[in-house]
1. Say whether the condition of being out of contact with any Phe, Trp or Tyr (no Cβ under 7 Å at 6 or more places or on another chain), in a helix (DSSP H, G or I) and surrounded by fewer than 24 Cβ atoms within 10 Å (Cβ to Cβ) is met by at least one residue in the range 258-273.
2. State whether the residues of the range 252-268 include one that is within 16 Å of the chain's Cα centre (by Cα) and under 30 Å from Ala100 (Cα atoms).
3. Hey, does the range 212-228 have a residue that's modelled with pLDDT of 90 or more and not in a helix (DSSP H, G or I)?
4. Being aromatic (Phe, Trp, Tyr) and within 18 Å of the chain's Cα centre (by Cα) is true for just one of Tyr158, Tyr185. Which residue is that?
5. Looking at (1) modelled with pLDDT of 90 or more; (2) closer than 24 Å to Gln81 by Cα; (3) small (Gly, Ala, Ser), which is the one condition that is false for Gly268?
6. Which one of Ile28, Ile18, Ile33 is at pLDDT below 90, assigned to a helix (DSSP H, G or I) and surrounded by fewer than 13 Cβ atoms within 10 Å (Cβ to Cβ)?
7. Please work out which one of (1) part of a helix (DSSP H, G or I); (2) farther than 18 Å from Ala241 by Cα; (3) open to solvent by less than 80 Å² (accessible area, probe 1.4 Å) is the condition Arg139 fails and give its number.
Amino acid sequence: MERNISVNFRGHITWQKIMLNCGLYLAILCIFILFAVINPDFLTVRNMVNVFEQSAYYLVCAVGITFVLVSGANDMSVGSQVAFSSVVATLYLAGGSIPASMGIMLGAALVIGLCNGLFVVVIGLPPFIGTIATGYVVRGVVAYYTKQETVTGLPRDYTAFAWTKTLGLSNLTWIAVLIVLLGIYVLKYTAYGRRVYACGSNPVAAGVMGINVKWIKISVYVIAAMSAAVASMMLMSRMGAARSGTADLLHMECVAAAVIGGTSLKGGQGGLIGTFIGVFLVSMIRNGLNSNGINSFWQLVFTGGITLFAAVLDSYKSRTSA
């Protein structure tokens, strides 16, 4: 059931099959080559490591989104959750202990994840409506409380953690790698992970097999919320501050990475290895556009176009394999 970035040819190899399975990655490869010609430093190890370090929080958040997508659902609130958690934790960190602040942040994330699960699974709201409503509420709360001003005052030890390197990589990078590895193990090698795939593939059949579909659906929202909380910890440590407008487009970026990495928007297919690669590709493209002075708004258009292309290919492959 897991489908990462892979090439799957059945029968005779045709140009249609090549473009269907590899077209997106060939296009991204051509973009990389173009950036490398324009900027020789683009494909250097140093630049790629810097890009990965900068996108570590993005990768952690994408892990949670992948669980939700594989289960056949969606979560539009993760960006707002990152903003909410970062502001709340920063306010407590300014005058309290780091462990207590982290506990408060994770507790708030648990409540938000359960609320998303309640709205979507128990009440039966569409995931788009239920989670986007949650996102508006939590972002509105922190915007009102902070008056949309940047919150500072983080302890120096906390901000220094993000910039400290271990074995040549930043601490945030190692945290992201560990969370990805843990996610891969849970999703691919445990009974829980197999149930998540089953719920995404066919929830009715999963229920007949004795799987508690509602519990699985709620649990993936909690995982996404916890991932967003950890991502906000990482982002706070790197930025040294928090604000209510943080990560306003993070959800779409996470979905883009997951879809580019082979996760289906219809559920039941995908995996975290593909998401890892998707995050890296999206981050490298953004870096290439930045280094060439492309306006940030056009970067959004570019990312959206790649995501749309990947989603169209996913839909077409689903129809042809049916």
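The values are calculated or read from the model by the stated rules, or taken from the named source; none is laboratory data. Just so we're clear, the structure is a prediction, and the values are computed from it rather than from any experiment. All Cβ positions, even for glycine, are placed from backbone atoms using ideal geometry, and neighbour counts span all protein chains on display. For the accessible areas, the whole protein counts, side chains as well, though only heavy atoms, and no ligand, DNA or RNA atoms are used. Shrake-Rupley method; radii C 1.70, N 1.55, O 1.52, S 1.80 Å.
1. Yes.
2. Taking every residue of the range 252-268 in turn, at least one turns out to be within 16 Å of the chain's Cα centre (by Cα) and under 30 Å from Ala100 (Cα atoms).
3. For the range 212-228, residues modelled with pLDDT of 90 or more and not in a helix (DSSP H, G or I): present.
4. Being aromatic (Phe, Trp, Tyr) and within 18 Å of the chain's Cα centre (by Cα) holds for just one of Tyr158, Tyr185, which is Tyr185.
5. (2)
6. Answer to the selection: Ile33.
7. Of everything listed in (1) part of a helix (DSSP H, G or I); (2) farther than 18 Å from Ala241 by Cα; (3) open to solvent by less than 80 Å² (accessible area, probe 1.4 Å), Arg139 misses just condition (2).
Quick grid of which residues meet (1) more than 17 Å from Val120 (Cβ to Cβ); (2) open to solvent by less than 10 Å² (accessible area, probe 1.4 Å); (3) of a type in the set (A, V, I, L, M, F, W, C):
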{"residue": "Leu182", "(1), (2), (3)": "yes, no, yes"}
{"residue": "Lys188", "(1), (2), (3)": "yes, no, no"}
{"residue": "Lys217", "(1), (2), (3)": "no, no, no"}
{"residue": "Met239", "(1), (2), (3)": "yes, no, yes"}
